[in-house]
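The values are calculated or read from the model by the stated rules, or taken from the named source; none is laboratory data. These figures come from a predicted structure and were not determined experimentally. Every residue, glycine as well, gets a Cβ built from its backbone with ideal geometry; the counts of neighbours run over all protein chains shown.
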Amino acid sequence: MTTALLLAFTTKWVFWLLLIAFFSFLFLFYSYKKSFNQKSPLFSGNYANQITALRFIISSITALIVTQIPSLSSFMLFGLAILLDGIDGFLARKYKSTSAVGALFDKTVDAYFVLLLAFIVVLNYGVPFWFLGIGYLHYGYELVLYGLGWQSLTIPKNPIGKYAAAFLFISLLSPFILPPYLYFPIICLASILVGSSFALSFFYKFKAASVKV
């Protein structure tokens, strides 16, 4: 997605984010099917993964037409994608269909959604350029962990993670319906919360790595 963001920003074309994310998800499910010799999690009655895929489709199509439809329509469609985020987890628990690949798919669609929305509001709604850094934060964090070899370390649950994520989703939607003097403080606060959440998770990883050594 680093390459996708660079291409999208250089060309001012959101399609690069959609394209590379799509092939990344195809590779994820192909690898799962090949490794475990099972049907794809999308076509094995796993409703949670199908809802997650629907989130990806809705957000991607909306991103392609975002400049051609009213801001309120964009707000409602992206808001629907956020609401579905809660439904897929509920279905996974209800039907006892939780899996490592499903959790990874949900997590990566969340990260994709955040980067996609950050790019759109920066490009089309006058949100400051630095907000792209918040959109990219998940990917940058994972790259750092991979470089340090810490990606598999087990850490305690982040106590502010879900609250920071929820507020970030709100901030991403705010430019579609609010004037700059209202959405800018929301975006700043969300950025501080999300940055603090990732910093806390990194601290936990650091402690776990220190104990391991």
Over the stretch 134-160, the set of residues outside any helix (DSSP H, G or I) and not basic (Lys, Arg) is Gly149, Trp150, Gln151, Ser152, Leu153, Thr154, Ile155, Pro156, Asn158, Pro159, Ile160
Of the conditions (1) out of contact with any Phe, Trp or Tyr (no Cβ under 7 Å at 6 or more places or on another chain); (2) buried (at least 19 other Cβ atoms within 10 Å of the Cβ); (3) under 18 Å from Thr108 (Cα atoms), the single one that Ser201 does not satisfy is (2)
_Test for Asn46: is it more than 16 Å from the chain's Cα centre (by Cα), polar (S, T, N, Q), buried (at least 20 other Cβ atoms within 10 Å of the Cβ) and modelled with pLDDT under 90_ = yes
Of (1) at pLDDT 90 or above; (2) more than 22 Å from Thr62 (Cβ to Cβ), Lys34 fails just (1)
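Restrict the check to the stretch 114-130 and report whether at least one residue is over 22 Å from Val66 (Cβ atoms) and of a type in the set (A, V, I, L, M).
Within the stretch 114-130, not a single residue is over 22 Å from Val66 (Cβ atoms) and of a type in the set (A, V, I, L, M).
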Checked the stretch 118-139 for anything surrounded by 22 or more Cβ atoms within 10 Å (Cβ to Cβ), of a type in the set (A, V, I, L, M) and under 13 Å from Lys12 (Cβ atoms); matches are Ile120
Within the stretch 150-186, the residues that are in contact (Cβ under 8 Å) with a residue 60 or more places away in the chain and either out of contact with any Phe, Trp or Tyr (no Cβ under 6 Å at 6 or more places or on another chain) or of a type in the set (S, T, N, Q) (or both) are Phe169, Leu172
Next item on the list: Would you check if there is a residue in the stretch 166-176 being crowded, with 18+ Cβ neighbours inside 10 Å and β-branched (Val, Ile, Thr)?
Entry: no
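With respect to Leu28, is the statement that it is in a loop (DSSP other than H, G, I, E, B), modelled with pLDDT under 95 and touching a helix residue (DSSP H, G or I) at 6+ places or on another chain (Cβ under 7 Å) true?
No.
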Here the residues within the stretch 67-81 that are buried (at least 19 other Cβ atoms within 10 Å of the Cβ) and either touching a strand residue (DSSP E or B) at 6+ places or on another chain (Cβ under 8 Å) or at pLDDT below 95 (or both) are Ala81
